[in-house]
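Remarks on the structure that follows.
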Amino acid sequence: MARIQVCGKYSPGGWQGVNAEGAVSRESHMHAMFESLGAEVECYYMLPGSNYDFTMILNNADAKLLAAIKKMVGPSGAVIETEADVLMTAEEWDAVEGQSYRPPGD
């Protein structure tokens, strides 16, 4: 399965929780939550100079896992925006075979 980088923004209420319990506690919770779904949090970072508040890299993740997390976290309102990107090494990229493509109008 893929490696996925997830970035997110906390709501004001989410920030109250992070500040009350600490970012280390939040990181620990993220590890446990993703492990319960069969994935691994490789790393978790706070992003003080970014448009996002946190990022993490997940191993053994896919779209089904992201949907499960969205269904779990979304209704809480604690995270108000996310972005998920599939990560590939240069070797993985080079191993992808291109297919035939005809641009529109050609």
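The values are calculated or read from the model by the stated rules, or taken from the named source; none is laboratory data. Quick caveat: nothing in here was measured; it's all calculated off a predicted structure. We place every Cβ from the backbone using ideal geometry, glycine too, and count neighbours over all the protein chains shown.
List of remarks:
- Neighbours by Cβ (under 9 Å, 6+ apart or cross-chain): first from region 4-25, farther than 18 Å from residue 48 by Cβ; second of a type in the set (Gly, Ala, Ser) and exposed (fewer than 13 other Cβ atoms within 10 Å of the Cβ): 13/76; 13/77
- Selection status of residue 16, at pLDDT 95 or above and among the polar types (S, T, N, Q): yes
- Residue count for region 38-67 under the criterion of being exposed (fewer than 15 other Cβ atoms within 10 Å of the Cβ), aliphatic (A, V, I, L, M) and under 16 Å from residue 2 (Cβ atoms): the result is 2.
- Qualifying residue in region 44-57 (condition: more than 21 Å from residue 81 (Cβ to Cβ) and either in contact (Cβ under 8 Å) with a residue 12 or more places away in the chain or not basic (Lys, Arg) (or both)): no
- Search result, residues across region 1-43 that are of a type in the set (S, T, N, Q) and closer than 16 Å to residue 81 by Cα: 5, 11
- Condition met for residue 91 (within 16 Å of residue 5 (Cα to Cα) and either loosely packed, with under 13 Cβ neighbours inside 10 Å or not hydrophobic (A, V, I, L, M, F, W, C) (or both)): no
- Only a single criterion out of (1) in contact (Cβ under 8 Å) with a residue 12 or more places away in the chain; (2) surrounded by 13 or more Cβ atoms within 10 Å (Cβ to Cβ); (3) closer than 21 Å to residue 3 by Cα; (4) more than 12 Å from the chain's Cα centre (by Cα) is not satisfied by residue 72, namely (2).
- Filtered residue count, region 19-60, keeping only those that are of a type in the set (A, V, I, L, M, F, W, C), under 11 Å from the mean Cα position of the chain (by Cα) and either at positive phi or assigned to a strand (DSSP E or B) (or both): 6
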